[in-house]
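The values are calculated or read from the model by the stated rules, or taken from the named source; none is laboratory data. None of these values were measured; they are calculated from a predicted model. All Cβ positions, glycine included, derive from the backbone under ideal geometry; neighbour counts span all protein chains shown. Surface accessibility is based on the protein's heavy atoms, side chains included, excluding ligands, DNA and RNA. Shrake-Rupley method; radii C 1.70, N 1.55, O 1.52, S 1.80 Å.
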Amino acid sequence: LEMCRPPSRPSLPSAALAALLAACLAAPGAAAVADVLAASAAPDPVDPADPAADLGLEPGPGAGDWLREAPAAWPAPEHLEVSARRLWTEFPGRRCLLVVHRGRVAYERYAEGATPADRIELDSIGKTINALLIGVLVTQGRIQLDTPLAHYDVAPHADWGPYWPEVTARHLLTHTSGLGKNPPGQVFIYDSGWHIQHLSWLIAKVTSPPAGRWATPVDWAEESFSEPLGLTGLFRHDGLDGQISFGGGQMLSCRELAKVGQLTLNLGWWPVFTSREWPMSWVFGEDRTSFRELINEEYFHEMFRPSFPKVVSTYGFLTWLNRAPAPGDSECCMCTCGVCLGVPPPPILGVNENAWIASGYLSKYVIVLPQREAFIVSLGMDLVGSRACSASMSWAALTYDDTFGTFLHYRILNASLPVPMPTSTSNTTSATTSTSTSLTTSLTTSLTTSLTTSLTTSMTTSMTSSTTSAITTTLTAVYLARSKIVSGVAGARRLGNGVPDEIGTSPSAPSGGSTTAFTTAKFNPFDHIYNHGHEKNNESTNTSARRKTKNNAGMHEHVFRGGTCTCSCPIDEDFGRCFDLPASLEFGGRDSGQELCQHFAYNHQRLVSLARQLNDSVGGCPNVGLVQPCVTNTWWMGGGTDGLCGASFWSEPPFGLACEPRATCSMDAALPNTTAALQGPTGLMATCTCSVAHWKCEYAVEPCDDGDPYYPKVSSKLVHEMLKGQLPAAPGRGPSLALALCILLCVAALGCAVRLRRCSRGCPDVRSWMLWRPTLRRSEDEAYRSLAGAGS
């Protein structure tokens, strides 16, 4: 060890270290070691795939915490504060915002009352995380993307029709499996249910015995993915008996989710901090940061390009893609009003910049901008409507436009971010090389006016009227042309089959080797309602498999003792709070327990107030924001924005919201805390802040789970305060002991009163009468005469 120890050096590059060890083992002489040490002065050859090769890019925090520092190359970091304030104004339900550039947090903001440690349900952002899991599986050589799942002995657990032998991991990752109704690879149908869940059963087959050493897919995912990123426990609460919820719904904080964004920006490389024990620490140095390839770069080539561009050109592996259109691309799909359809270009963000977008229900986003070496994490609960899809239509069916929310995020933050680098001819993340010029000037052909200045100057600088007009004109193709689709004026092809055609036209078949004829049906948007993993809307888009259900063993009994009330936050979310009821409570049936749970359901505001008084960290639900352009083409369906916040249906199930206007379209807005309509990129916009008035509560006999992050248990003290005044009158309870004693005392008092009345004329000493005990066999009259004759 003395001979091999590098003089004045705590560690050696890996290549020199290997040569040094070989020299020591072969000929441990001073001359040999000296030669190797001299050669070790030069650093290792740099692997161009290693993120450490780019001296300007730090690869992230590893399993530790983030460093916060705005890089020197940042053009205008002070403008981020201005942009963030505007984002909070337009999205009143935001909980957190993170901007990361070159491996460090450049900006961070949280809503009032929120902390960096707060975890938020991600909904369909979890899909993108799960796509990375499949990348780990591919990198480990356990599966191939284009091998049918049946080859791995995965059994079908859903209706696949005759197509199960053809379904591959690629089909499931791109929502082109057909769901048993169409041949795989020919139709795009968004899925959050049991069809996509087969990817978890695939993991089980190739990692559990006899193929692997892990008992469940969750065990494998935690060791292979979560632990290196410092996200231990990410999949532990998916609630599927060791399976992973591939429809999404995992929980992470903003900082934790940023590690996933950084991993994609690193194209699978991740820093791993290692600590050596003596004697190796004495020889090679105590600590070292190495780079581990969790996912190989080839997988990201596949993940961030459309696998079936003639079917869907805006979707990769469970990730939305903003990219320059290529010749022959399908114009499917952008999703609005819960409908995924092809619309005219330009791309989702209105520019040809490459962007990878993970999107979750109620406007949760991770927007990765690889050409800027930056990404955005924005989490919250905002129901965003668009001009073609008014949130006011939610009286009929929940309508929202998360695609428009993505666009608004980009437009608000774009001018405060670094200028994107030009795309290279060998861009590994782009399916096309058509955009080789600076993206600040390639907003589309209609935006040939000078937008470069507006993209890089402060958000407070107003655009010229010609630029604003150009933007509005361009957006007409994206967010206004869908009016015909929403209103049902025109028919459209089935999902994934190109541009909407007029009714009766015959669309061409997509690529993929099939010549199956495609028919055109009259379009009904409610046939294609999609979701981001939060609820079941129709038979083709199931609820996320992670959706929790209570076991309720023993619900056939006639008497229940204790139990729980589990309450879910609106709007139809799968998280909330759990209330353990006192074990002394008895219910004559489940309906009686459910009736008591309604006390929690309609007293959410009291819960929040009590939690604040008791300094209890487990309070109520977060607020929900409403965002809606003032001009909408669905006013004739009840989708107008006048009175958006005061619409009566918001207070009814399944919403349960009490909404107050923040920015209103009404010209005579004289309400307190209210401003005029906001100027958005497509026109004026209205916003509302909605607190929870009531939520959905369900009774169950099983106790709360102490470790459940989705439904944390409320403290017994808070439960007791909530139930004050409710326990004696709890429905279905039998007479208590106190009530029985009260009845007996009343009967006894009544009997005494009757006797006192009868003896009032001859009983001057009532106390003596009360102490007298007549023989049980004597009649009442005889007892009275004896008492009167005694004279006392």
Starting from region 189-204, take each residue that is at negative phi and acidic (Asp, Glu) and list its partners that are open to solvent by 10 Å² or more (accessible area, probe 1.4 Å) and in a loop (DSSP other than H, G, I, E, B), counting only C-beta distances under 8 angstrom and pairs at least six apart or across chains.
Asp191/Ser540; Asp191/Asn542
Looking at region 576-593, I want the residues that are polar (S, T, N, Q) and have a partner that is surrounded by fewer than 19 Cβ atoms within 10 Å (Cβ to Cβ) with Cβ atoms under 6 Å, at least 6 apart or on another chain. Which pairs are those?
Ser592/Pro731; Ser592/Gly732
Quick one: count up the residues across region 169-186 that are under 28 Å from Glu223 (Cβ atoms), touching a Pro at 6+ places or on another chain (Cβ under 8 Å) and either open to solvent by less than 10 Å² (accessible area, probe 1.4 Å) or part of a loop (DSSP other than H, G, I, E, B) (or both).
1
Quick one: what pairs do we get from region 652-675, first residue over 26 Å from Glu573 (Cα atoms), second open to solvent by 90 Å² or more (accessible area, probe 1.4 Å) and at pLDDT 85 or above, C-beta under 8 Å, 6+ apart or different chains?
Asn673/Glu660
With the condition kept exactly as written, say whether any residue in region 117-124 is crowded, with 21+ Cβ neighbours inside 10 Å, β-branched (Val, Ile, Thr) and under 26 Å from the mean Cα position of the chain (by Cα).
yes
Single residue of Asp159, Asp146, Asp153 found to be open to solvent by 30 Å² or more (accessible area, probe 1.4 Å), among the charged types (D, E, K, R) and on the phi > 0 side of the Ramachandran plot
Asp153
Quick one: count up the residues across region 67-102 that are outside any helix (DSSP H, G or I) and either at pLDDT 90 or above or under 20 Å from the mean Cα position of the chain (by Cα) (or both).
11
Which is basic (Lys, Arg), at pLDDT 70 or above and either in contact with a strand residue (DSSP E or B) (Cβ under 9 Å, 6 or more places away or on another chain) or at positive phi (or both), of Lys717, Lys713?
Lys713
Qualifying positions in region 103-116 - part of a loop (DSSP other than H, G, I, E, B) and open to solvent by less than 10 Å² (accessible area, probe 1.4 Å)
Gly103
Of the numbered conditions (1) assigned to a loop (DSSP other than H, G, I, E, B); (2) closer than 30 Å to Gly103 by Cα; (3) out of contact with any strand residue (DSSP E or B) (no Cβ under 8 Å at 6 or more places or on another chain); (4) open to solvent by 20 Å² or more (accessible area, probe 1.4 Å), Arg213 satisfies every one except a single condition; which is it?
(2)
Sort out which residues of region 675-703 are touching a Phe, Trp or Tyr at 6+ places or on another chain (Cβ under 9 Å) and surrounded by fewer than 21 Cβ atoms within 10 Å (Cβ to Cβ), and write them in order of number.
Pro681, Ala693, Val701
Going through region 188-203 one residue at a time, which ones are modelled with pLDDT of 95 or more and either open to solvent by less than 20 Å² (accessible area, probe 1.4 Å) or part of a loop (DSSP other than H, G, I, E, B) (or both)?
His195, Ile196, Gln197, His198, Leu199, Ser200, Leu202, Ile203
Boolean, Ser208 is over 19 Å from the mean Cα position of the chain (by Cα) and free of Cβ contacts under 8 Å to residues at least 40 places away in the same chain:
yes
Give just the number: which of (1) more than 30 Å from Gly247 (Cα to Cα); (2) at pLDDT 90 or above; (3) surrounded by fewer than 22 Cβ atoms within 10 Å (Cβ to Cβ) does Asp642 not satisfy?
(2)
Yes or no: Glu227 open to solvent by 20 Å² or more (accessible area, probe 1.4 Å) and closer than 20 Å to Phe308 by Cβ?
no
Take region 377-402 and flag every residue that is more than 15 Å from the chain's Cα centre (by Cα) and buried (at least 23 other Cβ atoms within 10 Å of the Cβ).
Val384, Gly385, Ser386, Arg387, Ala388, Cys389, Ser390, Ala391, Ser392, Thr399, Tyr400, Asp401
So how many residues does region 168-188 have that are touching a residue at least 24 places away in the same chain (Cβ under 8 Å) and within 22 Å of Gly126 (Cα to Cα)?
9
Step by step: first the residues of region 601-634, then only those that are open to solvent by 40 Å² or more (accessible area, probe 1.4 Å) and not in a loop (DSSP other than H, G, I, E, B), then the one that is nearest to Val692 (Cα to Cα). Which residue is that?
Gln605
Residue that is farthest from Pro217 (Cα to Cα), among those in region 125-142 that are open to solvent by less than 10 Å² (accessible area, probe 1.4 Å) and hydrophobic (A, V, I, L, M, F, W, C):
Ile125
Pairs returned, first residue in region 410-421 that is of a type in the set (Gly, Ala, Ser), second residue that is in a helix (DSSP H, G or I), beta-carbon separation under 6 angstrom, 6 or more apart or interchain, are Ala415/Leu455; Ser416/His79; Ser416/Leu80; Ser416/Ser83
